[in-house]
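Everything below concerns the one structure shown next.
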Amino acid sequence: MSAAPQKVRAGAEKIDVTISAVTPLNELVTRFEFARSDGEPFPPFSPGAHTIVELNDGGRTRLNPYSLMSDPSDLSTYAISVRRDDHGRGGSLFLHRNVSVGDELTITYPVNLFPLDLRGKKHLFLAGGIGITPFMAMIAHLERMGGAWELHYSCRSRALGSYADELKKRYPSKVQVYFDDQAQSIALENLLNGQPLGTHVYVCGPKGMIDWVHSMTASHGWPEENVHSEEFLAPQPGKPFEVWLCKSDMLIQVGENESLLEAMERSGVDAPFLCRGGACGQCETNVIESEGEFLHRDHWLDDDEHANGKKIMPCVSRFVGKSLILDR
Amino acid sequence: MTIQFNKESFRGDYTFHNSDWAIQRFPFPFHEDSYMYSVNMEQHRGGPEGSVYEKRFDVDEHYVSEMHDRALVLAEDPLRCQSLPHMTLAGWDLLELIMVAKSEDYPELFELHRNGDTWRWVNKPMEIDDTFTFLDETTLPYGPMEYITRQAQGDWCVLDQRDDMLWMDAGMVTTQADWSLDFDIGMNFFEWHAPVPLAHEMGIFKRALKFLLNIQQGAPARRLNWTMTVNPLLDTSPENYHKWGVQKTTLTPKNIGAKQHLRVELQTFFRLPRSNALVFPIRCYLIAFQDLVTIPKWGRRLHRVIRDLPDELATYKGFIANRPMMLDYLSRYDDGLATSPGVWPDLEIEPELQK
Ligand code: HEM
């Protein structure tokens with residue numbers, strides 16, 4: 001049609017925010033609360049949504065996705081909880097060390113890749129560690145709307161169980177917490193067997209836990225559509241490599257502590273993205289030629305696509321080898 | 001600008017008419033002299049002042065009469081509006097989106113006063129002034145989607161998004177081009193598009209779905225679709241085909257200019273914030289051939305498009321039988337001169353008809 005052509009920018013719309021509170025929850029996890037810098041209310045969001053926080057780390061832009069964990073009905077605040085990753089590329093460390101009340105940042109509009117299935121008669125939540133965050137918003141929402149839910153939350157230890165006490169206290173009959181250091185674990189098989197028809201299962205936590213829930217539900221005959229998962233993927237550091245971008249006609253270097261997507265952005269290439277965590281599919285890029293090995297880490301491409309080397313998700317995946325040419 | 005609302009009908013005596021203002025701002029859908037299906041989506045972030053693309057939900061001179069026509073359709077057939085139980089939250093999202101957009105974009109016509117969950121909604125053209133509790137259905141005369149779409153032009157499909165798929169789980173559909181909500185309710189994107197020719201083979205629906213699944217809050221999109229309608233009928237539904245289908249045979253070389261209408265749908269896509277559902281408003285604009293050809297560029301181009309349209313599309317759109325008569329009429333407005341690119345009338349640069 002082209003009534004009024006506009007160039008589409010990569011990523012979601014943005015909001016300027018000011019840090020309104022920083023609350024350390026335990027040795028590893030800190031909660032950051034935002035208020036809108038223009039004083040307006042935030043847009044409503046659906047529970048399970050994340051936002052991408054833009055950080056200026058010494059002149060270098062870092063874009064990290066975090067689940068919104070505040071009550072979706074409270075439009076004065078958005079909150080995220082961030083686990084410090086001492087071995088990662090530094091985004092979470094930067095937040096923990098350098099960000100304090102009054103600082104101004106930019107975040108994106110909410111994007112939801114882990115929504116509730118609103119047909120669910122009951123919602124069974126399985127959280128591992130920092131995977132608790134999207135469930136905080138889901139619980140607040142279901143409490144308001146009168147939906148049925150139950151949470152099983154597994155943490156390393158009592159000291160590291162973010163929000164565990166608070167949740168247990170508020171909803172004693174709906175929340176069960178398990179501590180690894182006390183050798184407690186979710187009795188998944190029993191739990192699944194006891195669920196009413198029309199229950200939906202949601203799991204958010206480490207990869208092993210997600211795989212476990214998927215294989216257990218599958219072997220118990222649960223329909224795939226009733227099992228939902230979200231894994232927090234952060235790009236991992238790796239050996240530097242070189243890429244030829246043929247549409248942009250340039251050779252770029254991907255450094256040890258940046259992702260391929262970040263390296264493209266640093267070079268001024270407007271590459272598409274949404275989640276930056278290997279889940280949404282927006283940044284999918286065709287490989288023209290390669291000599292070497294792909295380190296695929298996304299959830300988007302299937303096993304065949306991972307094997308045949310024709311596509312890569314530059315937000316989380318890397319490459320080791322002699323040469324890589326991309327259609328970007 | 002204040003809008004003068006027409007008093008007009010879309011049935012019976014068909015007093016529907018477009019003012020000069022409405023003709024000039026008509027969303028002419030052809031940006032070149034030929035047409036084929038494509039993934040023709042763009043962002044919906046305003047457009048030229050006064051155009052139908054400017055506001056989130058365009059309000060024009062037909063507003064009050066269209067809403068009256070909708071009420072008549074619903075009185076006869078309540079199944080034109082349906083919402084599966086899990087879609088109520090999306091209905092509230094839609095109510096909020098429309099109320100906020102209308103009151104911000106047309107403050108002289110609509111007002112929204114919010115005090116916590118107590119909302120007061122004032123719709124001056126329809127003489128409505130209601131106070132209700134947001135998210136409490138018992139405080140409105142209808143469900144939230146039905147309440148607000150009885151006050152908003154165009155059809156509304158509300159799609160649930162699950163398992164990387166869109167599902168037609170709610171809607172208000174009374175101004176449709178020959179499809180039925182009651183038939184399509186609960187279907188997925190590929191199922192309800194099954195009757196469309198050629199586009200599946202071209203891979204259009206696969207790419208379109210991928211685009212729609214990724215539409216984000218705050219970043220709506222739009223596209224145009226079009227068909228042909230004899231008489232200015234809003235309700236061309238399969239349910240009432242026995243009433244309007246036969247009218248296609250009443251076309252004569254004498255009455256075609258007045259009776260034959262180009263029907264254009266401005267389709268927009270918005271992500272709904274609380275439910276993560278997608279809403280798909282389909283806003284229908286009608287223009288009589290005799291009004292359309294007053295814009296020389298549009299007369300030239302419509303003739304060429306209709307002449308060269310593949311038979312499959314003319315059949316699907318239901319005008320293959322009348323095409324020869326249409327071409328006889330339209331050819332009088334095509335002098336063979338080149339047309340300027342784009343959809344706009346370009347009255348200053350396009351020459352008068354040289355015939
Ligand atoms: C979720 C949003 C959408 C809904 C609810 C929707 C719904 C429909 C329906 C009900 C029909 C009539 C099918 C019939 O004959 O029964 C139709 C036709 C069609 N749709 Fe969609 N559609 C949507 C999005 C799109 C998009 C994004 C495209 C992009 C290419 C598209 C392309 C078409 C085409 C080409 C036709 C045939 C129209 C004609 O030739 O008159 N639709 N759609």
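The values are calculated or read from the model by the stated rules, or taken from the named source; none is laboratory data. What you see is a predicted model, and the numbers here were worked out from it, not measured in a lab. Note: ideal-geometry Cβ built from the backbone for every residue, glycine included; neighbour counts use all protein chains shown. What goes into the accessible areas is simple: the full protein's heavy atoms, side chains included, and nothing from ligands, DNA or RNA. Shrake-Rupley method; radii C 1.70, N 1.55, O 1.52, S 1.80 Å.
Below, the figures for the structure above:
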item	result
Accessible carbon and sulfur surface of the protein assembly as shown relative to its total accessible area, %, 1.4 Å	51
Amide N proximity, the range B:144-168 versus residue B:15 label position 7 Å along Cα-to-Cβ, cut-off under 12 Å	none
Computed E for residue A:197/residue A:304 - FRET, C-beta separation, R0 35 angstrom, nearest 0.05	0.50
Probe 1.4 Å, protein heavy atoms only - accessible area per residue of the protein assembly as shown in square angstrom	42
Residue (of B:255, A:191, B:173) at the positive-pole extreme of the protein assembly as shown, dipole from beta-carbon charges	A:191
GluC sites (Glu not before Pro) lying in DSSP loop within the range B:1-84, provided at most 11 other Cβ fall within 10 Å	B:49
Total formal charge among the other residues, if their Cβ is under 11 angstrom from that of residue B:330, Lys/Arg +1 and Asp/Glu -1	+4
Contour excess over end-to-end distance, with Cα ends at residue B:338 and residue B:190 and 0.36 nm allotted per residue	49.4 nm
The range B:172-235 and the range B:16-89: distance between their alpha carbon centers, rounded to Å	13
Label-point separation, residue A:247 to residue A:75 (7 Å along Cα→Cβ), nm	3.7
Packing rank of B:344-352, A:298-306, where each peptide gets the mean count of other beta carbons within 10 Å, highest leading	A:298-306, B:344-352
Cys with no candidate disulfide partner in chain A (beta-carbon separation under 4.7 Å rule)	A:155, A:204, A:246, A:283, A:315
Summed side-chain charge close to residue A:209 - residues other than residue A:209 whose Cβ falls under 12 Å, Lys, Arg +1, Asp, Glu -1	-3
Burial of 20 Å² or greater, the range B:29-43 residues [accessible area, probe 1.4 Å, versus chain by itself]	B:31, B:40, B:42, B:43
Estimated buried accessible area (total), pair B and A, 1.4 Å, Å² to nearest 100	2700
Structure-based [θ]222 nm, chain B - -39500 (n - 2.57) summed over DSSP H runs of at least 4, per residue, nearest 500	-7500 deg cm²/dmol
Packing-based ranking, highest mean first, of B:243-253, B:327-337, B:280-290 given that Cβ atoms within 10 Å are counted	B:280-290, B:327-337, B:243-253
Calculated FRET efficiency for the pair residue B:24/residue A:122, C-beta based, R₀ 51 Å, to 0.05	0.35
Efficiency of FRET from Cβ geometry, residue B:4 and residue A:159, R₀ 41 Å, rounded to 0.05	0.05
Span from the the range A:240-282 Cα centroid across to the the range B:284-355 one, whole angstrom	46
Positive-end extreme of charge dipole, chain B - chosen from B:189, B:74, B:125 (charges on Cβ)	B:189
Extension gain, residue B:246 back to residue B:201 (0.36 nm per residue minus Cα-Cα distance, nm)	13.0 nm
Backbone N under 15 Å from the residue A:60 label point (7 Å along Cα→Cβ), restricted to the range A:68-98	A:87-95
Dipole magnitude of the range A:122-230 about its Cα centre (Cβ charges: Lys, Arg +1; Asp, Glu -1), debye to nearest 20	360
Peptide-level mean, for A:113-123, of C-beta atoms on other protein chains within 10 Å	4
Zone of residue A:225's modelled label, taken as backbone nitrogen in the range B:140-176 under 16 Å from a point 7 Å along Cα→Cβ	B:159-170
By average C-beta atoms within 10 angstrom, highest first, the peptides A:234-245, A:66-77	A:66-77, A:234-245
Residue A:100 paired with residue B:183, simple spin-label distance in nm, labels 7 Å along Cα-to-beta-carbon	6.7
Shielding by partners - mean other protein chain Cβ count within 10 Å, residues of A:105-111	3
Charge dipole magnitude, Cβ of K and R +1, D and E -1 - the range A:241-326, Cα centre, debye nearest 20	120
For residue A:28, net neighbour charge (Lys/Arg +1, Asp/Glu -1) across residues whose Cβ lies under 15 Å away	+1
Average beta carbon contacts from partner chains per residue of B:213-225, 10 Å cutoff	4
Test item: Cα-centred dipole of the protein assembly as shown, Lys/Arg +1 and Asp/Glu -1 on Cβ, debye	220
